[in-house]
1. Among DSSP beta bridges lying fully in the chain, give the percent that are antiparallel, nearest 5.
2. Which residues does a label at Lys162 reach in the stretch 40-79, if reach means a backbone N under 14 Å from a point 7 Å past the Cα toward the Cβ?
3. Going highest first, how would you order 163-169, 197-203 by mean Cβ packing within 10 Å?
4. DSSP loop GluC sites (Glu not before Pro) in the stretch 177-247 with at most 16 other Cβ atoms within 10 Å of their Cβ, which ones?
5. If you rank Leu214, Leu61 by fewest surrounding Cβ atoms within 10 Å, what's the result?
6. Would you look at the GNM of the chain, springs on alpha carbons closer than 10 Å, and say which of Ala131, Ala188, Ala24 moves the most?
7. Can you tell me how the stretch 183-276 classifies by the Cα gyration tensor, rounded, prolate or oblate, using a/c under 1.5 as the rounded cut?
8. Just one of [x] 131; [y] 262; [z] 141 is volume of the Cα convex hull per residue in Å³ calculated from these coordinates, so which is it?
Amino acid sequence: MALSLRKTSDRGSVGLDIDGRYLAAAQVDGGRLVRSASHELPEGVVADGEVRDPAALAEALKRFASDEGLPKNVRLGVANQQIVVRVIELPRIEDEKQREAAVRFQAAEAIAMPLNEAILDHQIAGFAEAADGTPRMQVVLVAARRSMVESLLEAVKGAGLKADGVDLDAFALVRTLVSGGDGADEQARVFCHLAGVTNLAIAVGSACFFTRPLSSVWDDEDAGSRLADEIRLSIDYYMTQPQAQPVGEVVLSGPGSAEEDLVESLGVHLGLPVRVAWPLGGIDVSDMAPNEDPHRYTVAAGLSLGAAA
């Protein structure tokens, strides 16, 4: 299956977040969360966002789907070091086939990964004009190592499930939080999701221009200063990209965002406004069970929204 960042017509699909610490499934339909469930995931099955034990993951997914009555078709997310996101600028090309060829040509230089080992996709993030008035377009280029995606799909298939699509966790994260107004203006924001994988995305409005998983964990005493260092380095890299906008704030989500001391420490060390997002943005969660932790469903909801939009 190809990695696709494009919208599909599968309205109300179930988003499945395979985090290193837990599994979370969410279904959003008509702006309302109509299904949510999560299970703990045994340690070591998924590490740093990559499947380490496909058979164990397949068994965990099979049990999860059976216990929670999940449908067979799910939409997956990925976030790990086997993914590269780059922004490239090209002349504005209206013909889709010509644009595909131009993007692939540029990918050979922009992506430090053999193209025959990668799954490539792209989306247009915006349009601008060069200094001479020539129309240009900004293209977000994504490359994922094929073997990594295939390992994930193998586990999902082994559980008796079918992947309707594969998205980036970062795109899903931004999609959910922007649904609550977190990207209403045009300043750049850092979204940092603190879960089994600490995932960072930098977006302007709903367009994500940079993402990377962070190596720092969020649940020890020095997490605030180390996370601040990694976020600062990510911002510095993002600012080298064409048409980069100054970062106005850092928005936290995920289970780690409930740690008040961490949030305060991060703000002190980073020197930027830091706030905690409502975990599910503008999605109606009135049907969520009282014992559910909404911080677990940010990415899963965004995966569902990606299929339904």
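Just so you know, all these numbers are worked out from the coordinates, no wet-lab data involved. Keep in mind the model is a prediction, meaning the values are calculated, not measured. FYI the Cβ positions are ideal-geometry reconstructions off the backbone, even for glycines, and counts take in every protein chain you see.
1. Given both bridge residues lie in the chain, the antiparallel proportion sits at roughly 70 percent.
2. Within reach of a label on Lys162, which here means backbone N under 14 Å from a point 7 Å along Cα→Cβ, the stretch 40-79 contributes 71-75.
3. Packing order, densest peptide first, comes out as 197-203, 163-169.
4. Filter output for the stretch 177-247: Glu186, Glu221.
5. Going from least to most buried by this count: Leu214, Leu61.
6. Ala131
7. Here the stretch 183-276 falls in the prolate category.
8. The value computed from this structure is option [x].
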